[in-house]
Amino acid sequence: MYRILSQNEHETYESFDDKLEKLADDEALDAKRWKRRHVVAVLALLGFANIYAMRANLSIAIVEMTSGSERKVNGTMLHVHGDFENWTPMTQGVVLSSFFYGYIVSQLPGGYLAYTHGAKTVFFAGTFGTAVFTLLTPPFARMGWGMLVFARFMEGLLEGVTYPAMHVIWSRWAPPLEQTKLATFAFSGSYFGTVIAMPLSAYIGESFGWPMIFWFFGALGVIWCTVWYKTVHDRPEDDPKITTSELALLQRDAFSQSHYLVPWGKILRSKPVWAVIMAHSAQNFGFYIMLTNLPRMLKDIAGYDLEKAGLASSLPYFLMGFQIVTGGQLCDYLRKNKHYDTLFVRKMACAAGFIGQAVFLFLVMTTSNSLLLVLFFSISIGLGGICWCGFSVNHLDLAPQYAGHLMAVSNTFATVPGIFGPLLVGAIVENGIIGEWNVIMYIIISVYLAGAAFFWKFADASIQPWASEHTSFVGQLE
């Protein structure tokens, strides 16, 4: 016997059919276009590439600013004096390190602002402000090295909010088993940006003069900011182009976005948090010294000119970017497909990266062959990408809802080497001889091994007890 459906039942079934049809359409769209979290990842990569290009270009420009360059005029090579040849090595060290004085100040505020004012907006503001001061660098430098220190301090202050903001973004946009590959893919932009900046800065400086280096990269930063602000949204549910199936995936494991009182005391007493801090600081110690001094090292040790040193200096960061992308993919493959324990994967990534870096940095000191020198430097720095797959996403393992704050804490401590590294080099390397550079490399090796040992001993990859105890403020984020 058949029954005639009522009007309400007709509407119910039609509504259900509409939902099924929408889901089917969403699945069809999923197959045809990029998922929105992948769009966020690509733009984040380009954002970090811009940020690091604006950070690294001074390490190339300062060589021409202080040493001058060789120019061919009517078929004759002439030496063009630098505009700031009176700057001592210690003055140059102060200029190079001044960025990090600002960078260390804004880490914790950056994590807080990302939660309260939107991570997308904070990342935009940090990048845009950095671009503005990059454009202003040439006139500031001509006013005196003190004004250049101020400009670099402001760049650091503005850039300091970007890493904590990005962790807040991934706490909302990355499914748990994709956190490593999405976060490391975005972070790899830092190294690809360095790859592009070093040889391109050398070419621009040789061809158009050192001020054009800052104007070019500052303009690129402004262009990227426009695209980012129009495309990215703080939360998946705010994105009008996201499909229902992707939104469901992202919301399934999402944490409530309520304001929580951050348990700072428990965080700072947590051994797993300190394991991340130590690994992050050890990695940055070597990375920042190389970032600010590798062109000079190649000039002193191998006799490379500015353009050749810029090109050779870029290779290590290409390898590091490649390693961080492939390493992130491998780590999540081992976790998701091979069911490896997350803690084991994190520890192995850190140990392999740090020990490999130390071994190849030691090999640098055993050869005088310029090609082998560049190769060993490149492999050593490149293996830092493997380390990042271990510690850089560990914040999301320990406390997803506090990931931005944890990144702010670890990056604050990890910025200290950026302040003291150039000053250490300025104090030890007075004459630019090989023996002085070897002392620097022995120090870096010791720090790498200490970082590996500490992370192996104290790291964890489970949600911490203090991350499960929420004391909420009243109200939700706007």
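Selection among LEU294, SER446, ALA279 by position relative to the dipole of region 263-469 gives ALA279 as farthest towards the positive end (Cβ unit charges, Cα centre). Which listed residue (PHE128, TYR101, THR184) has the Cα farthest towards the positive end of the charge dipole for region 34-237, taking +1 on Lys and Arg C-beta and -1 on Asp and Glu C-beta about the Cα centre? Of PHE128, TYR101, THR184, it is THR184. Per-atom-type breakdown for region 263-469 gives carbon and sulfur 67% of the accessible area (1.4 Å probe, protein chains only). Among the listed pairs LYS271/LYS347; LYS181/LYS241; LYS120/LYS230; LYS347/LYS457, a Cα-Cα separation exceeding 19 Å is found for LYS181/LYS241. Accessible area per residue (1.4 Å probe, heavy atoms of protein chains only) ranks LYS35, LYS120, LYS336 as LYS336, LYS35, LYS120, with the largest value leading. FRET efficiency for the pair TYR203 and ILE428, taken as 1/(1 + (r/R0)^6) with r the Cβ-Cβ distance and R0 = 41 Å, rounds to 0.85. Using only side-chain charges placed at the Cβ, +1 for Lys and Arg and -1 for Asp and Glu, the dipole size of region 34-237 relative to its Cα centre rounds to 640 debye. Surface calculation, 1.4 Å probe, protein heavy atoms: ILE386 sits at approximately 40 Å² accessible. The charge dipole of region 263-469, taken about its Cα centre with unit charges on the Cβ of Lys, Arg, Asp and Glu (plus for the first two, minus for the last two), comes to roughly 500 debye.
Rounded to the nearest 0.05, what FRET efficiency do THR231 and ARG252 have when you use their Cβ-Cβ distance and R0 = 25 Å? In this case the efficiency is close to 0.55. Distance between the pseudo-spin-label points of THR326 and TYR442 (7 Å out from Cα toward the beta carbon): 3.4 nm. Each of MET212 and LEU372 was given a label point 7 Å from its Cα along the Cα-to-Cβ line. The distance between the two points is 3.9 nm.
Surface exposure of region 263-469, expressed per residue as accessible area with a 1.4 Å probe, stands at 37 Å². Every Cα-Cα pair of region 34-237 was included, and the share exceeding 28 Å stands at 31 percent.
Surface listing: GLU430, GLU64 arranged by accessible area from highest to lowest gives GLU430, GLU64, probe 1.4 Å. Roughly to the nearest percent, how much of the accessible area of region 41-200 is carbon and sulfur, given a 1.4 Å probe? Summing carbon and sulfur atoms, their accessible area is 70 percent of the total for region 41-200. With unit charges on the beta carbon (Lys/Arg positive, Asp/Glu negative), name the residue among PHE360, GLY390, ILE433 whose Cα is farthest towards the positive pole of the charge dipole of region 328-443. Of PHE360, GLY390, ILE433, it is GLY390.
When the alpha carbon coordinates of region 266-392 are projected onto the principal axes, the ranges are 48, 34, 24 Å, largest first. Looking at region 279-348, the chymotrypsin sites (Phe, Trp or Tyr not before Pro) that sit in a DSSP loop and have at most 16 other Cβ atoms within 10 Å of their own Cβ are TYR340. Were the residues from ASP238 through ASN337 laid out at 0.36 nm apart, the gain over their Cα-Cα distance would be 32.5 nm. Remark: region 334-444 carries a charge dipole of roughly 520 debye about the Cα centre, counting +1 on each Lys and Arg Cβ and -1 on each Asp and Glu Cβ.
The values are calculated or read from the model by the stated rules, or taken from the named source; none is laboratory data. Treat the numbers as computed from the prediction; the structure is a model and nothing was measured. Note: ideal-geometry Cβ built from the backbone for every residue, glycine included; neighbour counts use all protein chains shown. Accessible surface areas use protein heavy atoms only, side chains included; no ligands, DNA or RNA. Shrake-Rupley method; radii C 1.70, N 1.55, O 1.52, S 1.80 Å.
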